[in-house]
1. Which one of A:K128, A:K166, A:K192 is of a type outside the set (V, I, T) and closer than 22 Å to A:M261 by Cβ?
2. So which residues in segment B:35-83 are basic (K, R) and buried (at least 17 other Cβ atoms within 10 Å of the Cβ)?
3. Among the residues of segment A:103-156 satisfying the criterion of being within 14 Å of the chain's Cα centre (by Cα) and assigned to a loop (DSSP other than H, G, I, E, B), which is farthest from A:H190 (Cα to Cα)?
4. Here is a list: A:K76, A:K22, A:K52. Which entry is charged (D, E, K, R) and assigned to a loop (DSSP other than H, G, I, E, B)?
5. Return the total of residues in segment A:61-100 being among the small types (G, A, S) and modelled with pLDDT of 95 or more.
6. Modelled with pLDDT of 95 or more and surrounded by 22 or more Cβ atoms within 10 Å (Cβ to Cβ): is that true of A:F142 in this structure?
7. Would you mind finding the one in A:N5, A:N49 that is within 20 Å of the chain's Cα centre (by Cα), of a type outside the set (G, A, S) and either within 14 Å of chain B (Cβ to nearest Cβ) or within 30 Å of A:N194 (Cα to Cα) (or both)?
8. Restricting attention to segment A:96-108, does a residue exist that is within 21 Å of A:T213 (Cβ to Cβ) and within 14 Å of chain B (Cβ to nearest Cβ)?
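The values are calculated or read from the model by the stated rules, or taken from the named source; none is laboratory data. A quick note: this is a predicted structure, and the numbers were derived from the prediction, not measured. Glycine also receives a Cβ, built like all others from the backbone with ideal geometry; neighbour counts cover every protein chain displayed.
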Amino acid sequence: MCYYNGQKVTRAEFIRLKNLEKETRKYDFLNVGVHNGFMFQPSAIAIANADKTDFELVLGHWGYLPYSIKSHEEIKKFLRIYTTMNFKSENMFLNDKGDKSMWADAVNKGRTCLVLSTGMVENRHEFKVGKNGQQLSTTEAFPYMVTMKDREYWWMPGLYNQVLDKETGELVYTFAFATTQANALMRQIHNKDNKWRMPAVLNDELAWEWLMTNATPERLQQIARTQVPSKDMVYCTITKEYLAHRVANPAEYPNLAAIDMSYMDIEEALLYPAA
Amino acid sequence: MVIDELKPFTIDFQGQPLTVSEHYIGEERLFRVLFEDKRKPLTLVVAMNSQKQKFWTSVPQGRQEEAAIIGPLIAWFYKNKKK
């Protein structure tokens, strides 16, 4: 799944969603190179107003909580067990066991949000090699920053829940964003345990539909499955200290095999292209 | 800007306007009170004591005095609104 997300807007003067725009300089929280989803820290999300005529960027806690939780300690425990930073688009209504999923309430009640991204960090896992050149059973992780070609920021479809922090009395938004089946590039980068997932990345039209219209739950699921083509993505390896410094600095790993970029020469067959 | 809440209203508290917003979090109805001075916002709920009597309390607990005064003002606002 996807647990590291950048939100650092430096060039764009406005954050735009179709014809609506917000002045970037008014938000002092669009400056984090890499958010760590396991820290339950505030991140930027867009939420629509009640009559869906406008949106606002607010801070929400990355890690969806289905109900108010008594203490911060209990929140951390919950997130360690359930890792609710992402939801599988396939599980928006039913979970893997066929029971009603935790997300169904948010979907049915239209609690959609958009999660801003300026770069997604994923680790590529490669088997280590022993002294005699043999493949070992353990793997080494190589972090990649994946961005979108010609876009400084983009939106991912999210679901939110507002809960009461009973330690502080504050009302806080908690959220998760959708993942879908990986494209050819992300299958190679996000390769651990062969789960092959990636965040759903929306174009402006789909982002608008997700947030600003009263789309049916079925349509929301269709949008949440959207796969972006590999050739629309740009990637580079980064230093392994990206979490400590919360910055994605490019780095070279000379022994790491190159990514197979043959997808650039063919029309990539996607199960869920933007539609 | 909190987007999905009901429209906030104002009540008078010792000559000062307080901004109050009503929220439903799961099954719970609660009120957020914003002060004009530097006091921290106050979250109020109606709870029930062991004698099954309702009373106003803060979340987290500890601002009982304010809850006991401001809570009834909120209730009064709603009563007047219905008239």
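1. Checking each option against the conditions leaves just A:K192.
2. Result: B:R63, single match.
3. Checking each candidate, the answer is A:Y153.
4. A:K52
5. 1
6. no
7. A:N5
8. Among the residues of segment A:96-108, at least one is within 21 Å of A:T213 (Cβ to Cβ) and within 14 Å of chain B (Cβ to nearest Cβ), which makes the answer yes.
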